Amino acid sequence: MKCIDLIAGARPNFMKIAPIIRALETKKGTGGALDYRLVHTGQHYDARMSGDFFTQLDVPAPNVNLEVGSGTQAEQTAAIMVRYEKLLLLQRSDLCLVVGDVTSTMACAIAAQKLGVKVAHVEAGIRSGDWSMPEEINRMVTDSISNWFFTTSEGATRNIRRLGVADERIFFVGNTMIDTLFSNMSRLRPPLFWKQFSLAPREYFVLTLHRPANVDEVKVFSDMLGAICDGTRGMLVVFPLHPRTAKTLQALDKFPANLKIVEAQPYLEFNYLVRHAKAVITDSGGITEEATVMGVPCITLRNTTERPETVTIGTNELVGADPVALRLALDRLFAGEWKKGGIPELWDGHTGERIVAALERLLAN
Ligand code: UD1
């Protein structure tokens with residue numbers, strides 16, 4: 001039986017890997033040809049950033065945890081490469097499957113390919129064109145050394161073709177993050193503070209910020225919070241905190257009155273909040289996809305996106321870091337003029353199955 005390493009390291013990886021595991025387990029039950037080893041790099045390690053997602057999404061405990069922990073980009077990359085290489089030397093696998101664009105994605109792809117272990121990249125080909133984002137570097141490096149590419153859009157497929165990759169190595173399969181959303185939609189549940197803050201559907205905003213460019217400098221961060229809380233006209237803004245953001249927040253001495261700071265939320269509670277929000281304000285990429293599928297207006301505090309379909313088809317708009325553009329967007333929202341949006345092609349809840357079917361064919365040869 002062929003064995004695939006499934007790599008997961010940081011929060012956004014866990015929801016992307018869950019449907020692939022489910023599809024592999026289903027096939028195994030009916031005599032499928034693929035086994036897997038779940039490798040957690042330990043890039044994220046808190047219960048709030050990691051453990052809760054395994055429990056809620058019913059992902060089995062990792063077979064291996066490389067326990068790399070935090071560090072600079074280079075420190076994390078190096079630690080993951082060294083430890084994953086050791087694992088492969090001890091026990092080789094037939095394929096290294098990486099998802100998304102975090103440091104763990106790139107580091108494991110490099111370590112595997114250098115040992116001649118084939119690499120498959122799920123969510124290949126997306127590009128923001130913004131080299132100041134570590135994720136963009138991770139995407140470019142990973143895509144330049146992968147054997148097989150699973151894409152979420154025709155645009156991403158075109159980006160991979162432009163690298164000179166033959167069509168038979170590219171698979172437009174849809175979005176595994178949306179598989180997870182669909183399969184958990186009926187399980188979404190309000191967080192404990194829902195009653196405490198008297199939250200009601202469409203009467204609050206959800207805010208997430210964690211990009212270094214937005215949260216690492218105190219003045220940039222506090223100006224941004226001020227502009228958001230002014231433009232939302234006193235409505236509550238629920239702000240689940242990423243650990244990076246929490247560090248900067250400690251340096252602020254006052255907060256807008258309508259800002260409700262809460263801990264990083266588990267998956268089911270976070271998406272319940274998004275589903276019922278008036279709108280989401282974010283600097284994340286994945287959340288723009290979830291908001292699009294749930295038909296919730298989404299304002300992105302970035303100038304670029306690697307997920308253009310969330311803007312051209314979905315409910316997302318880019319306003320950058322400009323408070324005037326943010327205010328104009330919020331004014332349109334309050335005037336009831338936000339676009340309705342649709343769901344991108346193949347974001348249908350069956351991507352994990354398509355990926356596993358393709359892998360069975362590819363690894364049979
Ligand atoms: C990483 C990903 C980013 C993703 C984000 C989601 C990269 C380059 N970036 O960014 O694409 O959107 O995860 O969360 O891979 N920390 C904790 N507990 C943890 C993990 C981290 O306290 O469990 C702290 C660390 O000390 C560190 C900070 O959070 O200072 C940032 O963690 P890091 O893994 O470096 O990157 P993220 O900003 O989380």
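Points to keep in mind about this one:
- Selection of first residues in region 261-282 that are open to solvent by 30 Å² or more (accessible area, probe 1.4 Å) and of second residues that are among the basic types (Lys, Arg), restricted to Cβ pairs under 8 Å at least 6 apart or on distinct chains, gives the following pairs, ordered by first then second residue: 263/48; 272/189; 276/202; 278/202.
- Residue 45 vs. criteria closer than 28 Å to residue 264 by Cβ and within 16 Å of the ligand (Cβ to nearest atom): yes
- Which listed residue, of 336, 349, 314, is in contact with a Pro (Cβ under 9 Å, 6 or more places away or on another chain), more than 16 Å from the ligand (Cβ to nearest atom) and at positive phi: 349
Each row is one residue, and each column tells you yes or no for (1) among the acidic types (Asp, Glu); (2) closer than 30 Å to residue 151 by Cα.
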position	(1), (2)
249	no, no
282	no, yes
306	yes, yes
311	no, yes
320	no, yes
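- Scoring residue 31 on the criteria (1) part of a loop (DSSP other than H, G, I, E, B); (2) modelled with pLDDT of 95 or more; (3) within 15 Å of residue 2 (Cα to Cα) leaves a single failure, condition (2).
- All positions within region 276-299 that are within 21 Å of residue 233 (Cα to Cα) and within 13 Å of the ligand (Cβ to nearest atom): 282, 283
- One residue stands out in region 51-103 among those that are open to solvent by 30 Å² or more (accessible area, probe 1.4 Å) and of a type in the set (Ser, Thr, Tyr): the one that is farthest from the ligand (Cβ to nearest atom), namely 55.
- The single residue among 198, 183, 222 that is touching a residue at least 12 places away in the same chain (Cβ under 8 Å) and over 24 Å from residue 56 (Cα atoms) turns out to be 222.
- Single match in 134, 191, 212 (criterion: closer than 29 Å to residue 53 by Cα and open to solvent by less than 30 Å² (accessible area, probe 1.4 Å)): 191
- Boolean, residue 42 is open to solvent by 40 Å² or more (accessible area, probe 1.4 Å), on the phi > 0 side of the Ramachandran plot and not in a strand (DSSP E or B): no
- Residue in region 115-124 that is closer than 21 Å to residue 74 by Cα, within 12 Å of the ligand (Cβ to nearest atom) and either modelled with pLDDT of 95 or more or touching a Phe, Trp or Tyr at 6+ places or on another chain (Cβ under 8 Å) (or both) present: no
- Pairing residues of region 49-66 that are under 20 Å from residue 243 (Cα atoms) with residues that are assigned to a loop (DSSP other than H, G, I, E, B) and open to solvent by 20 Å² or more (accessible area, probe 1.4 Å), at Cβ distances under 7 Å and at least 6 apart in sequence or on separate chains, gives 50/44; 54/61.
The values are calculated or read from the model by the stated rules, or taken from the named source; none is laboratory data. Since we're looking at a predicted model, the values are computed, not measured. Here the Cβ is made from the backbone with ideal geometry for all residues, glycine too, and neighbour counts use every protein chain on show. With ligands, DNA and RNA removed, areas are computed over all heavy atoms of the protein, side chains included. Shrake-Rupley method; radii C 1.70, N 1.55, O 1.52, S 1.80 Å.
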